[in-house]
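The numbers here are math on the coordinates, done by the rules we state, and not lab data. All figures in this text were calculated on a predicted structure; none of them were measured in a lab. Reconstructed Cβ throughout: ideal geometry from the backbone, glycine too, with neighbour counts over all protein chains shown.
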Amino acid sequence: MTATATPSPTIIDLERLNSLNKEGCAACGHKFNLGDPVVMACGAWEGGPRLIHAYEAVRDPVSGGYVEKRCYNTRRGRIG
Ligand SMILES: [Zn+2]
């Protein structure tokens with residue numbers, strides 16, 4: 001595994017479901033379902049990367065990691 005590799009989406013299992021659904025998804029606020037693909041992504045929330053629904057994240061070509069869509073668009077708007 002290299003530093004530039006983008007992690008594949010994680011599939012929610014029962015253990016993750018139980019721990020993640022205490023707070024739900026940081027991006028949409030909804031609970032996760034068993035089998036949902038999730039990714040570790042940066043976003044506008046406090047405290048660093050969180051697991052969110054994969055379809056709510058985009059891959060940042062600069063960092064190679066995932067960023068929550070709204071956050072990514074905001075950043076792009078500011079910079080570019
Ligand atoms: Zn979500």
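Under a crude label model (7 Å from the Cα following the beta-carbon direction), how far is Trp45 from His30 in nanometres?
1.5 nm
How far is helix 69-79 tilted off the main Cα axis of the chain, in degrees rounded to 10, range 0 to 90?
Helix 69-79 sits roughly 10 degrees off the main axis of the chain.
Given the Cα atoms of the chain, and with Rh set as the inverse mean 1/r over their pairs in the Kirkwood sense, what is Rg to Rh to two decimals? Walk me through the intermediate numbers first.
Numbers: Rg = 12.8 Å, Rh = 13.0 Å.
Rounded to two decimals, Rg over Rh is 0.98.
Ranked highest first by the average count of other Cβ atoms within 10 Å around their residues, in what order do 20-29, 6-15 fall?
Working: 20-29: 14.5, 6-15: 12.1.
Sorting 20-29, 6-15 by mean packing, highest first, produces 20-29, 6-15.
Using mean Cβ contacts within 10 Å as the protection proxy, how do 47-57, 30-40 order, highest first? Display every interim value, and only then the final one.
Numbers: 47-57: 17.4, 30-40: 15.3.
Result, highest mean first: 47-57, 30-40.
Which of Pro37, Ala57, Ser19 sits farthest toward the positive end of the charge dipole of segment 10-79, with +1 on the Cβ of Lys and Arg and -1 on the Cβ of Asp and Glu?
Selected residue: Ala57.
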